[in-house]
Each structure stands twice: as C-alpha cells, then as structure tokens.
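Beneath this line is the structure, given in structure tokens, with notes to follow.
Each reported figure results from applying straightforward, stated rules to the coordinates on display, with no laboratory input. Keep in mind the model is a prediction, meaning the values are calculated, not measured. Note that each Cβ is placed from the backbone with ideal geometry, even for glycine, and that neighbours are counted across all protein chains shown.
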Amino acid sequence: MLGPGILTPSYGGLFAGYTFNAIYGWGDPNDPGVTCVYPDSSTPPSSGPTYTSLVLATGGVRAQICDGSAAWAPFFDAVATAVEQTSRIDCTIAIPDPPPEMTFQRDLINVWVDTGGGAERLGKVADASGCGSEGGWYYDDDTNPTVVILCDSTCGALEAAPNESRSVEVQFGCMTIVR
C-alpha cells in the first residue's frame, strides 16, 4: 500500500521548495497522456502523467526516455543549470578547524559579500538584534564561536542577487571590523 503523494498536505510542507526532474515516457508537451515512441516504434508502458505533474508543479526539467542516450547529456546540463539558477546562499557558515600548530582567534576574522557590485566587507554585530537594515554578521556564541551567521538583511540581499555574481568570503587573520 502506497502512502499519500509527496504533494499532499499530510506531509506538512516537508517537501516544500523541492524540484522534481525526470527522464520518462512523455510524448507531447501539451498532453500528458501521450507516450513517446522509441526508434523501433515501441512505446514505454506509460507516458508518466504523475511525473509530468511533478515536473510542471516544481519547475523541474524533463527528457524523453525514448530519445535514448541522446537525452542524457542535455537533460543533465539542464538539471545543472536549474540547480545553479535556484541555488541558495548558506547564511550560516561553519568555522573550519585551524591548520596544525595554529589556533582560531575570534577577533581576527572578517566577512566579505558580493551581490554583483563588487566585494564589500561587512561589520560584525553583537548578535541578531544588532543587525538592522545595514546588515552584517555575528557569531553563534561570541565567547566560543563555531559558526558565522549573516544578518537577515545581508542574507536577503545575497539571495536576491544574480547567482553568477554573488558570493560570501570569510577571511581569517586580520583584525575584525566591528560595526
């Protein structure tokens, strides 16, 4: 017995924001009931109407299984492009362990962001309440930090920027700039 489909409300949004991509037996971009045809004139057992619904509902990409190996490269290129276009910036960045024979110094770290207009050094704030519209960054624990957290306004600006021009860089070794 199969459980409810992943788009049903019973999952409480667990799958919200996912993208479904597939290679399957669809044959017509406008009619999910039409099955593609293999070069030998045979057809897959189904056109995959459920797959069509999932691909269209989530903005995924698809390819026709009847195209054989010729479908694979364009399909995976399209998936890679879609991932790149919809990727999100992680606004919580783990502080890596220092190299051997070195120690982490919490007052010698700076964060740079680029939203497309050139890199900008952010000021450190005490915590989330110090962020405001100017943005910045803070530690999860100022005494014993394990992660750098970007302020919501900074994270929002990064996520709104075009993927190819946005970046976050955490630099170690120079006196921290405090806002």
Two decimals is fine: what's Rg over Rh for region 92-172, C-alpha atoms, Kirkwood radius as Rh? 0.98
Binning at 5 angstrom from zero up to the longest distance, how are the C-alpha pair distances of region 17-86 distributed in percent? 4, 19, 26, 24, 17, 8, 2, 1
Exposure proxy check on 18, 138: fewest-to-most Cβ neighbours within 10 Å is 18, 138
Cα centroids of region 55-121 and region 142-169: how far apart, whole angstrom? 13
Cysteines without a disulfide-compatible neighbour (Cβ-Cβ under 4.7 Å), the chain: 174
The local net charge around residue 145, scoring Lys/Arg +1 and Asp/Glu -1 for residues other than residue 145 whose Cβ lies under 15 Å from its Cβ, equals -4
Have a look at 144, 165, 131 and report the one farthest towards the positive end of the charge dipole of region 92-172, computed about the Cα centre with Cβ charges (Lys/Arg +1, Asp/Glu -1). 165
Residue-wise, which Karplus ³J(HN,Hα) couplings in Hz belong to region 34-44, taking 6.51 cos²θ - 1.76 cosθ + 1.60, θ = phi - 60°, and x for glycine or proline? 8, 9, 5, 10, 5, x, 8, 6, 7, 9, x
In deg cm²/dmol, rounded to 500, what helix-only [θ] at 222 nm does the chain give when every DSSP H run of at least 4 residues adds -39500 (n - 2.57) and the total is split over its residues? -6000 deg cm²/dmol
Charge tally in the Cβ shell below 15 Å around residue 23, where Lys, Arg are +1 and Asp, Glu are -1, residue 23 excluded: -1
Label point 7 Å beyond Cα of residue 77 along Cβ direction - residues of region 144-179 with amide nitrogen under 19 Å: none
Could you give log10 I(q)/I(0) at q = 0.08, 0.14, 0.16, 0.20 Å⁻¹ for the chain, computed by the Debye formula over C-alpha point scatterers of equal weight, without solvent? -0.45, -0.86, -0.97, -1.24
Peptide ranges 97-103, 27-33 listed from the most packed, as the mean C-beta count within 10 angstrom indicates: 27-33, 97-103
